Amino acid sequence: MKHIFLCILICLSFNSFSQNAELYKTKAKQFFEAGKYKEAISNLNLALKINPKDAKAIKNRAMCYEKLENYELAVKDYIELLKYDKSGETYGAVAYEYMLLNKDKEAREYLTQAIALEPKVVNYRYNLGLTYQSEKEYEEAIKIYDEGLKISPNHIRIKVSKSRCLVFLKQFEKARAVVDSFFLEKNFDADMLLIRGDIKKHFGKIEDALNDYSRALAILPDDIELLNRSANCLADLKYFDEEVAIRKRTVDLLFKYQEKNDYKALSLAMLGIAQDGALLYEDALESFNESIKLDATEASIYFYRSIVKAKLKDNEGACQDIKKAKELNPDESDGYDQYFEDDAEFADFLNYCMPNP
């Protein structure tokens, strides 16, 4: 009788634990769907204390960690999950977390396993190609992309990535063939527009390139890469007023995203150069001043600021800047002097700062 009672008690305890685990997982799901990932993790931790081998709970916790951009813990969970679920999906998930951690070699090991288990899942080959592309092994990446296209001939992301690799390899004719085919098939993608713009710019079709960049910007208005490309085209075309507007947008976004100071300094300097071209000398001076506050080590910015100061007849300030530029980059001293010597506009400045002996 005592033995039977003990068995009943154990069964009741087990059922109670099981019910609690399911309750924690249900709460975790609700928190996950509400975007409360930390709370979801807390409940999954409780579920896993009851059953540490709960594959579903481990997987869900990994997904929460990924949402919180805690990729180290996410990859740890997915590797733990492999003890209970050795599917291609799990190997692929481990690889993806390693890619997010910029650990491409580690990712390849798991992607190779995923492909062996599920050779028809094209995204594993796409991700494998990306690991080579990110390390500038473009030819190897293209081989893998071509394998993926045999499985899924209309895979847009693979076509985009292959085209980009061909551009990086300066195989512009091959890249153009892929891109033209892509659009002839009535596909559309903002990244492919960017690549087509790059190809057109390479072949000297600046207006056409600008048109592609502008179309892509209509879809991705805050894309800094697109903004810079558009601004560079406008500079080539000497549309300085339009360039100024684009450069201002870029600078605003860099400060909004809290990018590194050297990147912000460079963008402010590019804005200053555009403002100089638009004859907005006071504005250009302000942009160069702000640029140098962020990064006082770049010789070229002092050089460009000296040009603006000379145009504003601040010969002393211009002279100080040109000397600073030469100090930071003595190899370019002759080139700096030559710029002013070749333009009659700077005769007064030359007489003040570089008088003939």
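Just one of the numbered conditions (1) more than 25 Å from residue 166 (Cα to Cα); (2) in contact (Cβ under 8 Å) with a residue 24 or more places away in the chain is not true of residue 201; which one?
Tallying (1) more than 25 Å from residue 166 (Cα to Cα); (2) in contact (Cβ under 8 Å) with a residue 24 or more places away in the chain, residue 201 fails exactly one: (1).
Give me the residue from segment 150-170 that is open to solvent by less than 30 Å² (accessible area, probe 1.4 Å) and among the hydrophobic types (A, V, I, L, M, F, W, C) and, out of that set, nearest to residue 181 (Cα to Cα). Please lay out each step first, then the result.
Taking segment 150-170 and keeping what is open to solvent by less than 30 Å² (accessible area, probe 1.4 Å), we get 155, 158-161, 163, 165-167.
Then drop every residue that is not among the hydrophobic types (A, V, I, L, M, F, W, C), which leaves 158, 160, 165-167.
Working: 158: 14, 160: 12, 165: 16, 166: 15, 167: 16 Å.
Filtering segment 150-170 for residues that are open to solvent by less than 30 Å² (accessible area, probe 1.4 Å) and among the hydrophobic types (A, V, I, L, M, F, W, C), the one nearest to residue 181 (Cα to Cα) comes out as 160.
Of the conditions (1) open to solvent by less than 90 Å² (accessible area, probe 1.4 Å); (2) in contact with a Cys (Cβ under 7 Å, 6 or more places away or on another chain), residue 312 fails just one. Which one is it?
The failed condition is (2).
Exactly one condition in (1) of a type in the set (Gly, Ala, Ser); (2) over 21 Å from residue 161 (Cβ atoms); (3) touching a residue at least 12 places away in the same chain (Cβ under 8 Å) is false for residue 34; which is it?
Every condition holds for residue 34 apart from (3).
How many of the residues making up segment 210-224 are farther than 29 Å from residue 152 by Cα, assigned to a helix (DSSP H, G or I) and touching a helix residue (DSSP H, G or I) at 6+ places or on another chain (Cβ under 7 Å)?
Residues meeting the conditions: 3.
Within segment 107-127, which residues are surrounded by fewer than 17 Cβ atoms within 10 Å (Cβ to Cβ) and part of a helix (DSSP H, G or I)?
Answer for segment 107-127, where residues must be surrounded by fewer than 17 Cβ atoms within 10 Å (Cβ to Cβ) and part of a helix (DSSP H, G or I): 109, 112, 116, 117.
Among what's in segment 61-96 and is among the charged types (D, E, K, R) and part of a helix (DSSP H, G or I), pick the residue that is least open to solvent (accessible area, probe 1.4 Å).
Checking each candidate, the answer is 77.
Restricting segment 159-209 to residues that are of a type in the set (Gly, Ala, Ser) and in a helix (DSSP H, G or I), which is nearest to residue 144 (Cα to Cα)?
My answer is 161.
Would you please name the residue that is nearest to residue 313 (Cα to Cα), looking only at residues in segment 328-344 that are modelled with pLDDT of 90 or more and loosely packed, with under 13 Cβ neighbours inside 10 Å?
338
The values are calculated or read from the model by the stated rules, or taken from the named source; none is laboratory data. These figures come from a predicted structure and were not determined experimentally. Here the Cβ is made from the backbone with ideal geometry for all residues, glycine too, and neighbour counts use every protein chain on show. Only protein heavy atoms, including side chains, enter the accessible area calculation; ligands, DNA and RNA are left aside. Shrake-Rupley method; radii C 1.70, N 1.55, O 1.52, S 1.80 Å.
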